[in-house]
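Please treat every number below as a calculation from the coordinates, not as lab data. Keep in mind it's a predicted model, so treat the numbers as computed, not measured. Cβ sites come from the backbone with ideal geometry, for glycine too, and all protein chains shown count toward neighbours.
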């Protein structure tokens with residue numbers, strides 16, 4: 001699916017005419033053929049832009065500059081706390097910008113796109129928005145982790161621990177993607193003269209380096225905390241199970257003692273005091289006394 005955009009009064013707006021910005025969402029074979037034949041985009045690079053496992057990179061072609069960067073995918077409940085990443089391809093021509101991606105998302109939303117003067121600036125701000133998207137997901141990670149911690153403190157099953165393992169796996173994907181984007185940004189900085197960046201665009205590029213570095217450190221901290229506390233949380237689940245088994249054992253022993261007393265007096269043989277008028281109540285009192293004795297014993301042993 002192709003969507004056209006234009007720069008009108010320094011803002012990105014939808015267009016239904018010939019326009020300098022083309023966005024292709026999960027292009028079909030005919031659209032891929034159009035991009036390869038009409039714009040001379042390398043077929044391998046085009047397929048790499050749709051490959052979620054592709055690393056970020058920058059390539060210079062005779063008529064355009066191609067770059068691929070990583071971005072987080074929108075989370076879906078069916079993913080069961082697994083946050084995934086995907087690739088996005090941007091092809092910068094002299095008077096044309098082509099964006100190729102797999103998911104249909106709102107690309108140009110946010111304060112950062114309030115003022116966009118040139119196509120290279122728009123390309124840099126797309127990367128800036130991707131970094132912000134990663135940071136937003138890291139905040140969600142933190143909230144989910146706190147909620148799972150509270151549940152683990154009371155839980156005796158493994159499903160919450162498995163959720164934490166899934167989050168940790170997601171953080172590994174995010175760390176690799178953010179690091180890959182960092183290498184891409186450094187390469188853009190190194191080739192800034194070749195790309196013809198203005199002083200304003202170089203300032204955006206410097207901000208990108210700082211923001212991506214901070215995002216990587218934040219993701220690394222979250223990953224380290226999850227990894228270091230995983231064993232402790234597994235121990236909590238095991239300890240909760242031990243406490244439950246101890247409680248059940250104490251209840252079982254507590255029931256067995258009065259049961260033993262009553263069973264002794266239920267034997268089908270002559271028993272002392274069986275003719276006494278209050279023998280029934282004496283047996284009940286003895287059973288209750290045995291329960292009280294066991295509770296006193298547990299208290300003395302601090303069980």
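Would you compute, from DSSP H runs of 4+ residues alone, the mean residue ellipticity of the chain at 222 nm, taking -39500 (n - 2.57) per run and dividing by the full residue count, rounded to the nearest 500?
Estimated from H runs of four or more residues: -20500 deg cm²/dmol.
With a Förster radius of 35 Å, plug the Cβ-Cβ distance of residue 280 and residue 243 into 1/(1 + (r/R0)^6) and report the FRET value to the nearest 0.05.
0.40
Computed FRET efficiency, Cβ-Cβ of residue 194 and residue 224, R0 25 Å: what is it to the nearest 0.05?
The calculated FRET efficiency here is 0.10.
FRET efficiency for residue 11 and residue 82, Cβ-Cβ distance as r, R0 = 41 Å, nearest 0.05?
Computed FRET efficiency for residue 11 and residue 82: 0.70.
Going by average Cβ density within 10 Å per residue, which order do the peptides 27-34, 172-179, 89-96, 136-143 take, highest to lowest?
Result, highest mean Cβ count within 10 Å first: 172-179, 89-96, 136-143, 27-34.
Given an 8 Å cut-off on Cα distances and at least 6 residues of separation, report the relative contact order of the range 33-134 as a percent.
Taking the mean separation of contacting Cα pairs over the length of the range 33-134, I get 23 percent.
Please list 213-226, 245-258 highest first by mean number of surrounding beta-carbon atoms within 10 Å per residue.
213-226, 245-258
In the chain, what percentage of the DSSP-assigned beta bridges are antiparallel, given to the nearest 5?
Percent antiparallel among DSSP bridges in the chain is about 85.
Pairing the Cα long axis of helix 159-190 with the longest principal axis of the chain, what angle in degrees results, from 0 to 90 and rounded to the nearest 10?
20
For the chain, calculate the relative contact order in percent as a whole number, restricting contacts to Cα pairs under 8 Å that are 6 or more residues apart.
15
Report the extension gain between residue 259 and residue 147 in nm, rounded to one decimal, defined as 0.36 nm multiplied by the number of residues separating them, less their alpha carbon distance.
Additional length available on full extension: 35.9 nm.
Compute the acute angle (0 to 90°) between the alpha-carbon long axis of helix 119-152 and the principal axis of greatest extent of the alpha-carbon atoms of the chain; round to the nearest 10°.
Tilt of helix 119-152: around 0 degrees.
Could you tell me the center-to-center distance, by alpha carbons, between the range 38-62 and the range 94-117 in angstrom?
Rounded to whole Å, the Cα centres lie 18 Å apart.
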